[in-house]
Structure formats: structure tokens, C-alpha cells
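Asks: Below: one structure in C-alpha cells.
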Amino acid sequence: MSKEVPRKCQDHPDNNLQLFCANCSKSACKKCTHFMQCYEEHDAKPIWNAIDAFNKQVSSLVESVDDIKQKLEVVYNSIIDDKVHFEMHVQLCRTAIEAHTDEIVRKVKKEGKKLLLDLENVCKEKTKSTESEVRELESHQQKAQSLKRLITKTTMNKPGNTTTLDDYMRNIDDVNKNIEEMQSRNDQSYPKKVTPTFRLNTKVDDAIIKGLGTIVCVDNKYAIDKDDKAITVTEGQAFEVIVSSLDEIDRCNVAATLIKPSGKTTATDEVEYMGSGEYRIKGRCDKEGDWKMEITSCEVKIKGSPVKIQVEPLGLVHTIENMKEHKLDKYRVTDVLLDSDGCIVVSSCSNNLLKFNKSGKFVGNIKVTQKTKVAKMHAMSNGHILYCDTDGKKVVKCNSKFEEPNLLCEGLLGFPSGLTLNNKTKVMYVADFHSHCILKINVENGNLLGKIGSEGKEHGKLDCPRDVTLTKEGNLMVVDWGNHRIQMFDANGIFIKTLVNEGGINDGIDFPWGMCVISNRPRRLAIANRGKDNVKIFNY
């Protein structure tokens, strides 16, 4: 800021103002003796410093006012944008209503013309029928008149002409028979009465009474979670849609309805208020197709409604076949793993891993630097990976790139063929193929905590266990390969039940070694199909 020429001191006109006291809010030159005491005791400073400090305060106030102005402009623009947006949609609604009305009027007029044509055809048929009957009557009338003239002319005053009289009687009988036939055709009523009647289509009346449609406003204070605006699930899969509101008080006014592919509606399972303005809507779709979920507040649709729901059928989705094209070894697939980037990693008892995307397209190879045979894998919650090294008879913990290996439980395992981890308890369960048991191991230090099962065919015993996994309740499911069954144990190793006994499986499953859930919505499972050396993807 440029400095103006200082004003002169009132007491000493020849001197410029040089000092300023912030306490007294007074200016003075150095010759002002009355100011010297103030200068010594108060916060007196050179006037240019005071001016600069004051100007900074003024500039700060100006900036604050500018900020207010900008905020007001933002609010104003928001109001104008909202007004324009509102008017645009009003015009769209007006156009749609007019078009819909015109279409209905066009259809009604078309139907009216069709009804009038039907009525005209009825009239024509009636006229044709009436004219035919009139002509027949006229014919009988002519015959009757002719007979009357002949009878009068030829038989009157001639009693001996009885033969001629008999002929006339027969002709009269014929005419009467014809008349009786006409009366019979007309249901003993002559002439027949036909009454045209217009029967109203009550369904059309109901439709008109219910109205051509409704005008609704979208409630913008609600927001559907970005991951729930369009979802994909499998048949019968339970799912949730999260809706949040700016108004925590309005917590009883959210409702949801499922719309089937046919257009029919069905109720959702539950709308639950979770607190802090958040709602959880539960639903389930029992058939494949394109469904919708309409969400309303006080019967007004919220923004983003309806949610699009694609429902996929259960069963085989696709197969990743091209393993041999990318392998650097001759071994068949043994396990699958969902990587942190969403890709599928495939192992085959070697140090060469294959990587595919979920559609089955090959992404690349992962080369494990150390000499090892990666059989089974498990992704930890912290991003690390556990895998069984069947060659070294050990379990290895490494990073997501299969680097920085940390050996676990060396000397404890005979042939590690599968593993899983309880992330809460940090207990790792390893299926030992040769030892016929499941080992419980501390994943932090590799110490043995106990064993589950022993060799045998009785329930609760194992024969060459191939793999192990955990349920969400913390129970263990063990692939009892030698006994051709899957058994369940609790976390302490107590036998619960046999889940699957020996039997056949469709969809080309042949000697499955490993599996991994690769998606929860839709529920999708990848299986390492060792017998066919491929990976099969299923919806379940």
C-alpha cells in the first residue's frame, strides 16, 4: 500500500506526525512534550508502523467481507440453479402430462370410432333383416289379396263350385303356415324387438377414477450409499441398502418396496433405523432378472430411487481354461486366492503363480524368488499372505507380492496341504496330509497349540485331510479327502457333524483342491479344479 504524505502536527505545524499511541489513539510529533509520558508508559510506536498495522486490520476486514460476498454468491447461485433445475423438471412434467393425455385421448377417440362403427354395423344388419321381413310380409299380403279377389269372383253365389273352394282353403292354409313360421322365428313375438345397448368398460372407468398418474417430488435430504445405488446379487441372497438422512428426527418415515421384473410389487424384509440419521433396508429377490427397490419418505421418492438390482442365477458362471498357455511348469492347479487388487491368484505347487482378473483374462505371472512349492494360500486381514510350502514342509508368511518371507512352524509339519486363519484369535489351522490331523499354530510365533483329529475312518477322525476353512461362527470345515467327506469341528477340535459324504458333483468339478470367495455381492466362489487343471467360478 502506498504511503500518503503525513499530516502536520497541530501543536507544531512545521513537524510531521511521527508517533501514535494505541492506548490513547492519538498521534504526535517528537516535540510534543505532552506525548512523551504517554510514549514511555503506553504502547506508542512510529506512526507508519501503526498505519501499516491498522491497514492490515482493515485489509483483513475487507477480505472477510469478500469471503462473505463469495459465500452469498455461492448460496445465490445454488438458489438460482435449484430454481432452474426445478423449472426444467416442471416443464418436463408438463410436456410428459400433455403427451400422455394426448395419447390417451387419441386412444379413446380411436376406441370411440371403433364402437361407432360396430354400432353402424348393427344398424345395417337390423335394417337388412327388417327389409327382408317386410318383403316377406308384403309377399304374403299380396297372396292374401289375390286369394280374396279370386274367392269373391269365382265362388260367390255358386254353391256347386266346392272343388274350387277346397283349393282356395289349401292356399289359405299355406299362407297361415308361412306366417306361423315367421312368428316362430321371432320367438312368438311379432315383430321382433332388438334394443342396442352400450356396455361400459368398468376397468377403463376405474383407471380414469384412479387418475392418469401422480405428481411427486424427490426428497433431496436423503442419500443412498454410493455402493448401493446399483447392486448385483444371486437368487435368494439377502442384501442391504443403506440410506442416510440429514434429519435425525425424521426416523420413522422411510419405506421401501421391491419391484419384480414383471412390474408387480412385493414388500421388503425390514427397514431398520440405525441411529445418526442412517437406515438399513433389508431385501431378498427369489428370481433372476432386473429388479428395483423404490424408497420413499412420507410417500415421496428419495433421490436416487429406485435402486437397480440385477439378480443372477445360481451355478456356474464361467471357467478359466487357459492355464497351460501361461504356466512355467507342468504342475496342475492347487489353490486360488483373491488378491488385494481384486484379481485371482492361482497356485500349482511351484514358485510360479498365475494372476487373472475376475472375468478370466490373464494379467501376469508372480515369480516367488525363493525355492518353494506354493500349494495352498490364505489372505490375512493385514494384507499379508500365508501359504503352504509342500517342498520345505513349512508355512510361510509374506507380503502381498510374495516377498519378504517369514518361515513358520518348521519341523512341525509332514505335508501341509491347506490352511486358514482366525483373525480374532490369531490361531492358524493347517491340514497335514501325512499326519492325518489339523494343527493349531500361533501365527505370530509359529508355536504349536494343539492338534485336531487322528487317523481313522470313524466320525471325528481323519484320513489325509486336504484343506480346512472356517465358518463365520468360528467352526472348522475339513476336507477329509481319504474318507471322501467333509467334517465339521468346533474351535477346540470337538467333532460336530459330517456335512458331505461321498457322491458326484455336476458342472465339471473333478478333484477340487482349493477354493476362495471372490465376491460377496453377488456371492461368488472360485474353485481350483485340479482334475481338469482349470478354475471354475460359481454363483452360490
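Asks: Check whether at least one residue in segment 400-417 is within 24 Å of Cys349 (Cβ to Cβ), assigned by TED's automatic domain parsing to the domain that holds Ser340, touching a Pro at 6+ places or on another chain (Cβ under 9 Å) and part of a strand (DSSP E or B), and report yes or no.
Replies: Yes, that holds for at least one residue.
Per-residue answers, yes or no, for (1) within 23 Å of Ile494 (Cβ to Cβ); (2) among the small types (Gly, Ala, Ser); (3) surrounded by fewer than 19 Cβ atoms within 10 Å (Cβ to Cβ):
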residue: Lys401; (1), (2), (3): no, no, yes
residue: Thr420; (1), (2), (3): yes, no, no
residue: Lys426; (1), (2), (3): yes, no, yes
residue: Val430; (1), (2), (3): yes, no, no
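Asks: Being at pLDDT below 85, surrounded by 10 or more Cβ atoms within 10 Å (Cβ to Cβ), outside any helix (DSSP H, G or I) and not β-branched (Val, Ile, Thr) narrows it down to one residue among Lys126, Lys143, Lys158, Lys148; which is it?
Replies: Lys158
Asks: While we're here: Would you call Thr319 surrounded by 15 or more Cβ atoms within 10 Å (Cβ to Cβ), in a loop (DSSP other than H, G, I, E, B) and assigned by TED's automatic domain parsing to the domain that holds Val396?
Replies: Criteria not met by Thr319.
Asks: Considering only residues that are exposed (fewer than 13 other Cβ atoms within 10 Å of the Cβ) and under 44 Å from the mean Cα position of the chain (by Cα), look in segment 446-473 and name the one that is modelled with the lowest pLDDT.
Replies: Lys472
Asks: What about Ile104, is it surrounded by 12 or more Cβ atoms within 10 Å (Cβ to Cβ) and at negative phi?
Replies: yes
Asks: Right, another one. When you go through (1) at pLDDT 90 or above; (2) assigned to a loop (DSSP other than H, G, I, E, B) one by one for Ile441, which number turns out not to apply?
Replies: (2)
Asks: Further, regarding this structure: Restricting attention to segment 525-534, which residues are assigned to a strand (DSSP E or B) and buried (at least 19 other Cβ atoms within 10 Å of the Cβ)?
Replies: Ala526, Ile527, Ala528, Asn529, Asn534
Asks: When the residues of segment 344-374 are filtered to those that are of a type in the set (Ser, Thr, Tyr) and in a loop (DSSP other than H, G, I, E, B), which remaining residue is surrounded by the most Cβ atoms within 10 Å (Cβ to Cβ)?
Replies: Among residues in segment 344-374 that are of a type in the set (Ser, Thr, Tyr) and in a loop (DSSP other than H, G, I, E, B), the one surrounded by the most Cβ atoms within 10 Å (Cβ to Cβ) is Ser348.
Asks: Now a separate question. Applying the selection to segment 212-254, what residues are modelled with pLDDT of 90 or more, part of a strand (DSSP E or B) and out of contact with any Phe, Trp or Tyr (no Cβ under 8 Å at 6 or more places or on another chain)?
Replies: Once the filter is applied, which keeps residues that are modelled with pLDDT of 90 or more, part of a strand (DSSP E or B) and out of contact with any Phe, Trp or Tyr (no Cβ under 8 Å at 6 or more places or on another chain), segment 212-254 yields Ile224, Ala230, Thr232, Ala238, Phe239, Glu240, Val241.
Asks: For segment 454-485, what are the residues that are in contact with a Ser or Thr (Cβ under 7 Å, 6 or more places away or on another chain), over 18 Å from Gly414 (Cβ atoms) and either assigned to a strand (DSSP E or B) or hydroxyl-bearing (Ser, Thr, Tyr) (or both)?
Replies: Thr469, Leu470, Met477, Arg485, listed by residue number.
Asks: Could I ask something else about it? Consider segment 418-435. How many of its residues are among the hydroxyl-bearing types (Ser, Thr, Tyr) and over 39 Å from the mean Cα position of the chain (by Cα)?
Replies: 1
Asks: What are the residues in segment 322-343 that are of a type in the set (Lys, Arg), in contact (Cβ under 8 Å) with a residue 40 or more places away in the chain and surrounded by fewer than 19 Cβ atoms within 10 Å (Cβ to Cβ), if any?
Replies: Lys324 - this is the single residue of segment 322-343 that is of a type in the set (Lys, Arg), in contact (Cβ under 8 Å) with a residue 40 or more places away in the chain and surrounded by fewer than 19 Cβ atoms within 10 Å (Cβ to Cβ).
Asks: Among the residues of segment 266-285, how many are part of a strand (DSSP E or B) and exposed (fewer than 12 other Cβ atoms within 10 Å of the Cβ)? Before you say what the answer is, go through the steps one by one.
Replies: Going through segment 266-285, the residues part of a strand (DSSP E or B) turn out to be 266-267, 270-275, 278-284.
Of the ones still in play, those that are also exposed (fewer than 12 other Cβ atoms within 10 Å of the Cβ) are 267, 270, 275.
So the count comes out to 3.
Asks: Among the residues of segment 375-399 satisfying the criterion of being assigned to a loop (DSSP other than H, G, I, E, B) and either of a type in the set (A, V, I, L, M) or more than 37 Å from the chain's Cα centre (by Cα) (or both), which is modelled with the lowest pLDDT?
Replies: Checking each candidate, the answer is Gly392.
Asks: Still on this structure, I have one more. Out of curiosity, is Thr498 surrounded by 14 or more Cβ atoms within 10 Å (Cβ to Cβ) and assigned by TED's automatic domain parsing to the domain that holds Asn357?
Replies: Yes; evaluated as a whole, the condition is true for this residue.
Asks: Please go through segment 102-155 and give me each residue that is farther than 22 Å from Thr195 by Cα, out of contact with any helix residue (DSSP H, G or I) (no Cβ under 7 Å at 6 or more places or on another chain) and among the acidic types (Asp, Glu), ordered by number.
Replies: Scanning segment 102-155 gives Asp102, Glu103, Glu138.
The values are calculated or read from the model by the stated rules, or taken from the named source; none is laboratory data. None of these values were measured; they are calculated from a predicted model. Backbone-built Cβ (ideal geometry, glycine too); neighbour counts: all protein chains shown.
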